[in-house]
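**Q** This is the structure, below, for whatever I ask next.
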Number of protein chains: 2
Amino acid sequence: MARIQFDKEKVLESATNAFWRLGYTATSMHTLVEQTGLKPGSIYLAFGNKEGLFRESLDYYAHQSLDNLEATLAQYNSVEEALPDIFMSFIEESCQSEYCSCFLVKSQLELTDQQTELRDHVSQQLRRVESLYFESFLKNNTESEARAKATSVMLHIFGIRVYGYHSNSKEQLIDALRLGLPWLSWKAEH
Amino acid sequence: MARIQFDKEKVLESATNAFWRLGYTATSMHTLVEQTGLKPGSIYLAFGNKEGLFRESLDYYAHQSLDNLEATLAQYNSVEEALPDIFMSFIEESCQSEYCSCFLVKSQLELTDQQTELRDHVSQQLRRVESLYFESFLKNNTESEARAKATSVMLHIFGIRVYGYHSNSKEQLIDALRLGLPWLSWKAEH
DNA sequence: CAAATTATTGAGTGATCATTCAAAAAGACT
DNA sequence: AGTCTTTTTGAATGATCACTCAATAATTTG
């Protein structure tokens with residue numbers, strides 16, 4: 001079968017899904033073979049090993065997230081107007097029954113010092129998100145204001161990614177976000 | 001050897017340490033046998049199984065954390081004065097090389113729907129922390145203010161527990177906390 | 001001081017883990 | 001068409017997984 005290959009996009013999507021739900025360690029090759037439809041040998045030829053498939057899954061997820069964030073920001077006049085809607089969608093997400101936080105956040109916390117390379121990879125992707133917010137804030141803020149606001153936004157995003165895992169109280173989260181991020185352009189209906 | 005037993009406190013401390021660093025799935029019974037000094041049979045007699053030891057480790061950690069928090073709050077006139085120091089110690093913690101976030105937060109994110117019992121257990125412990133803050137805020141705030149402030153504090157704590165895993169910039173975190181929690185009694189030296 | 005009770009030991013269990021590889025299959029190239 | 005190159009296959013590998021249990025040791029009880 002020289003040349004013809006499986007659909008890498010679909011394989012990464014299902015692998016990402018498995019790793020996201022179960023975590024890196026708890027996802028067995030058996031599960032990955034089941035979910036991707038690939039045979040063990042094919043996975044090892046294409047990705048080297050389980051860690052290789054995990055790394056590509058992380059990249060796939062991060063790339064999608066950043067693209068999605070950029071597209072969302074482009075729809076608004078300012079990041080201050082975009083963020084309330086972004087946070088609302090995060091809260092909605094967290095109320096769904098099959099919610100499993102953010103793949104990057106979960107991976108960041110699962111990986112140990114023995115997996116430095118992978119962990120740094122995740123850190124880098126998370127920093128990219130913060131950089132995107134930072135750059136956006138620079139339009140209407142001084143550099144130090146923009147930096148503090150970007151970090152504060154990240155803290156709140158991380159907070160929701162954890163908080164949403166054990167609580168379903170939408171109003172409580174919205175009130176807390178309005179309290180912690182009063183400088184955002186919250187609208188009445190939020 | 002009827003009656004005489006191993007030091008449960010020490011066993012739980014080392015088990016907690018292993019689970020905290022490596023996570024539930026990645027901590028093998030072999031590691032636990034090594035770290036606790038107990039033989040497999042003793043662990044199974046005392047804790048039933050790996051999950052039992054994990055649950056008791058979670059309780060051990062949560063109990064310590066809550067005791068510690070209560071003791072800290074007692075040293076201050078108000079929770080608003082205590083929190084800046086508490087947050088500063090969280091930030092200091094997160095800058096240490098062997099930092100591995102908060103055991104409860106990590107566990108919360110690792111556990112899946114298949115481990116509902118364990119996950120609910122962790123959620124309950126986290127809610128206890130929030131309740132403690134809520135009760136403290138009630139002294140100087142209306143109920144709805146106190147609730148929003150307690151949730152906001154939890155979001156920031158969770159945020160640091162994740163953020164601290166990939167960044168070492170103390171100043172940046174402090175600026176973000178001052179921005180997100182301006183109603184706390186921050187002192188000049190913070 | 002026996003007898004009964006309970007804790008400890010650690011080799012051993014089958015299951016599952018990540019990974020390999022020789023054989024077969026499917027284009028590509030000449 | 002025939003050869004070459006690359007992909008797919010899936011059974012097999014040894015390692016490690018959580019867990020068990022019969023034998024042993026320590027302490028309490030009568």
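**Q** Please go through segment A:96-118 and pick out each residue that is of a type in the set (Val, Ile, Thr) and open to solvent by 20 Å² or more (accessible area, probe 1.4 Å).
**A** A:Thr116
**Q** If I ask for residues that are out of contact with any Leu (no Cβ under 9 Å at 6 or more places or on another chain) and more than 16 Å from DNA strand D (Cβ to nearest atom), which ones from segment A:14-29 would you list?
**A** Correct list: A:Asn17, A:Trp20, A:Arg21.
**Q** Okay, moving on. When you check A:Ser167 against the structure, is it of a type in the set (Gly, Ala, Ser) and either crowded, with 23+ Cβ neighbours inside 10 Å or within 18 Å of B:Val153 (Cα to Cα) (or both), yes or no?
**A** Considered against the rule, which asks whether it is of a type in the set (Gly, Ala, Ser) and either crowded, with 23+ Cβ neighbours inside 10 Å or within 18 Å of B:Val153 (Cα to Cα) (or both), A:Ser167 comes out as yes.
**Q** Is there a residue in segment A:99-118 that is within 14 Å of DNA strand C (Cβ to nearest atom), within 14 Å of another protein chain (Cβ to nearest Cβ), touching a residue at least 40 places away in the same chain (Cβ under 8 Å) and touching a Gly at 6+ places or on another chain (Cβ under 8 Å)?
**A** yes
**Q** Still on this model: Checking A:Leu73 against (1) exposed (fewer than 15 other Cβ atoms within 10 Å of the Cβ); (2) modelled with pLDDT of 95 or more: exactly one of these is not met. Which one?
**A** All conditions are met except number (1).
**Q** All but one of (1) of a type outside the set (Ser, Thr, Tyr); (2) open to solvent by less than 30 Å² (accessible area, probe 1.4 Å); (3) within 13 Å of the chain's Cα centre (by Cα) hold for A:Glu93, so report the exception by its number.
**A** In the conditions (1) of a type outside the set (Ser, Thr, Tyr); (2) open to solvent by less than 30 Å² (accessible area, probe 1.4 Å); (3) within 13 Å of the chain's Cα centre (by Cα), A:Glu93 misses (2) alone.
**Q** Can you confirm whether segment A:151-168 contains a residue that is outside any helix (DSSP H, G or I) and touching a Pro at 6+ places or on another chain (Cβ under 9 Å)?
**A** Looking for residues that are outside any helix (DSSP H, G or I) and touching a Pro at 6+ places or on another chain (Cβ under 9 Å), one finds none in segment A:151-168, hence no.
To keep it simple, each residue is scored yes or no on (1) facing chain B (nearest Cβ under 7 Å); (2) of a type in the set (Val, Ile, Thr); (3) closer than 13 Å to B:Thr151 by Cα.
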residue: A:Ala146; (1), (2), (3): no, no, no
residue: A:His156; (1), (2), (3): yes, no, yes
residue: A:Ser169; (1), (2), (3): no, no, yes
residue: A:Leu177; (1), (2), (3): no, no, yes
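**Q** Of the numbered conditions (1) within 16 Å of DNA strand C (Cβ to nearest atom); (2) more than 27 Å from A:Phe19 (Cβ to Cβ); (3) under 22 Å from the mean Cα position of the chain (by Cα), B:Tyr60 fails exactly one; give the number of that condition.
**A** B:Tyr60 satisfies all of (1) within 16 Å of DNA strand C (Cβ to nearest atom); (2) more than 27 Å from A:Phe19 (Cβ to Cβ); (3) under 22 Å from the mean Cα position of the chain (by Cα) except (1).
**Q** Could you please find all residues in segment A:26-41 being crowded, with 17+ Cβ neighbours inside 10 Å, within 14 Å of chain B (Cβ to nearest Cβ) and either among the polar types (S, T, N, Q) or away from DNA strand C (no atom under 14 Å from the Cβ) (or both)?
**A** Once the filter is applied, which keeps residues that are crowded, with 17+ Cβ neighbours inside 10 Å, within 14 Å of chain B (Cβ to nearest Cβ) and either among the polar types (S, T, N, Q) or away from DNA strand C (no atom under 14 Å from the Cβ) (or both), segment A:26-41 yields only A:Thr27.
**Q** A:Ser97: at pLDDT below 95 and either over 26 Å from B:Thr116 (Cβ atoms) or away from DNA strand D (no atom under 16 Å from the Cβ) (or both), yes or no?
**A** Here the answer is yes, as A:Ser97 does meet what is asked.
**Q** Also: Would you check if there is a residue in segment B:119-135 being more than 10 Å from chain A (Cβ to nearest Cβ), open to solvent by less than 30 Å² (accessible area, probe 1.4 Å), hydroxyl-bearing (Ser, Thr, Tyr) and touching a residue at least 60 places away in the same chain (Cβ under 8 Å)?
**A** No, the conditions are met nowhere in segment B:119-135.
**Q** Checking B:Gly23 against (1) within 16 Å of DNA strand C (Cβ to nearest atom); (2) more than 15 Å from the chain's Cα centre (by Cα); (3) not hydrophobic (A, V, I, L, M, F, W, C), which test does it fail?
**A** (2)
The values are calculated or read from the model by the stated rules, or taken from the named source; none is laboratory data. From a predicted model like this one, the values you see are computed outputs, not experimental measurements. Using ideal geometry, Cβ is built from the backbone for each residue, glycine included, and neighbour counts are taken over all protein chains shown. All accessible areas refer to the heavy atoms of the entire protein, side chains included, with ligands and DNA or RNA removed. Shrake-Rupley method; radii C 1.70, N 1.55, O 1.52, S 1.80 Å.
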